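Structure, as structure tokens:
The values are calculated or read from the model by the stated rules, or taken from the named source; none is laboratory data. Remember, predicted model here, so these are calculated numbers, not experimental data. Ideal geometry is used to build each Cβ from the backbone, glycine not excepted, and the neighbour counts take in all protein chains shown. Keep in mind that these areas ignore ligands, DNA and RNA; they rest on the heavy atoms of the full protein, side chains included. Shrake-Rupley method; radii C 1.70, N 1.55, O 1.52, S 1.80 Å.
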Amino acid sequence: MQKVYSSAAEALDGLLFDGMFIAAGGFGLCGIPELLIDAIREAGTKDLTFASNNAGVDDFGIGLLLQTRQVKKMISSYVGENAEFMRQYLSGELELEFNPQGTLAERMRAGGCGIPGFYTKTGVGTQIAEGKEEKVFDGETYILERGIVADLSIVKAWKADTTGNAVFRKTARNFNPPAAMCGKVCVMEVEEIVQPGELDPDCIHLPGIYVHRLIQGEHEKRIEQRTTRAA
């Protein structure tokens, strides 16, 4: 099956529809599927629900889709660096479902493994637990979290072969593997596509069976910065 496409728009052709649920890789500004996000923006697909650790920043990542009001709901663990996200949430324009970071990653992984739900202690006794089933194991209370299965996964890798076997470089191996696993269809952008057999099998982070379409492209290298000053 041919998996390599010439552009992000071509790779997403026939997959996008209003109101769809998308799982996206990325952590902060690292490993964001920026080319696919740009293509979704150009397509104008709206009323989107995104499961993603964060929403990028105002002018990068999912933040671009917030600017164009294409996102209806975010399922996230961290949203602290996006002023437009904050403005839309506080004004009631954007729905938000907070998830602890590890819980969100496990929900994606579980969905990709065919596990409909799991129990965790994280969030017990907090707002996270409201409305969720509780169960006691060995005297400890746990809450039920559902696995995530998205209509589409968009992820970014460092290298992949033409069958979709992928390697993520350093911190970009964050939410990308579990996000890729949980989509009914996974589209992946990479910095370099190689031929089968060129990747060390012991170094492959994501098997190609999870990847349906992929593209190669140029990517912007952004770094989150912290400014400090002497007391």
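For this structure, a couple of remarks:
- Peptides 114-121, 49-56, 141-148, 152-159 ordered by average Cβ neighbours within 10 Å, highest first: 152-159, 49-56, 141-148, 114-121
- Restricting segment 13-44 to chymotrypsin sites (Phe, Trp or Tyr not before Pro) in coil, as DSSP defines it, with at most 13 other Cβ within 10 Å: PHE17
- Once the chain from TYR78 to LYS132 is taken as fully extended at 0.36 nm per residue, the excess over their C-alpha distance is 17.3 nm.
- Within segment 83-123, GluC sites (Glu not before Pro) in DSSP loop having at most 16 other beta-carbon neighbours inside 10 Å: GLU93
- Charge dipole (Cα centre; +1 on Lys/Arg Cβ, -1 on Asp/Glu Cβ; no other charges) of the chain amounts to roughly 280 debye.
- Segment 96-227: equivalent-ellipsoid semi-axes (sqrt of 5 x gyration tensor eigenvalues, Cα, Å): 33, 17, 13
- Within the listed set LEU94, LEU104, LEU12, the Gaussian network model of the chain (springs between alpha-carbon atoms below 10 Å) gives the highest mean-square fluctuation for LEU94.
- Along segment 196-205 the Karplus relation, 6.51 cos²θ - 1.76 cosθ + 1.60 evaluated at θ = phi - 60°, assigns HN-Hα couplings of x, x, 7, 9, 5, x, 6, 10, 6, 8 Hz to successive residues, with x for each Gly and Pro.
- Calculated [θ] (222 nm, deg cm²/dmol) that DSSP helices of n ≥ 4 give over the chain, each run adding -39,500 (n - 2.57): -5000 deg cm²/dmol
- Restricting the calculation to Cα atoms, segment 142-187 shows an Rg/Rh of 1.06 when the hydrodynamic-style radius is the Kirkwood one.
- Candidate lysines - alpha carbon under 16 Å from LYS73, same-chain residues fewer than 8 apart omitted: LYS46
- Percent accessible area from carbon and sulfur atoms, the chain, protein chains only, probe 1.4 Å: 49 percent
- Amide H contacts of VAL4 (H built 1.01 Å from N, under 5 Å, at least 5 apart or other chain): LEU214
- The chain - accessible surface per residue (Å², probe 1.4 Å): 51 Å²
- Separation of segment 149-191 and segment 86-140, taken as the distance between their Cα centroids, equals 23 angstrom.
- P(r) of segment 1-101 over all Cα-Cα pairs, binned every 10 Å from zero, in whole percent: 16, 52, 26, 6, 1
- Relative contact order %, segment 109-188, counting alpha carbon pairs below 8 Å whose residues are six or more apart: 34 percent
- Each residue of segment 67-72 is assigned a 3J(HN,Hα), and the resulting list reads 4, 8, 6, 8, 9, 9 Hz, derived from the Karplus form 6.51 cos²θ - 1.76 cosθ + 1.60 (θ = phi - 60°), x at Gly and Pro.
- If you count Lys pairs in segment 109-209 whose Cα atoms are under 23 Å apart, skipping same-chain pairs closer than 8 places in sequence, the total is 6.
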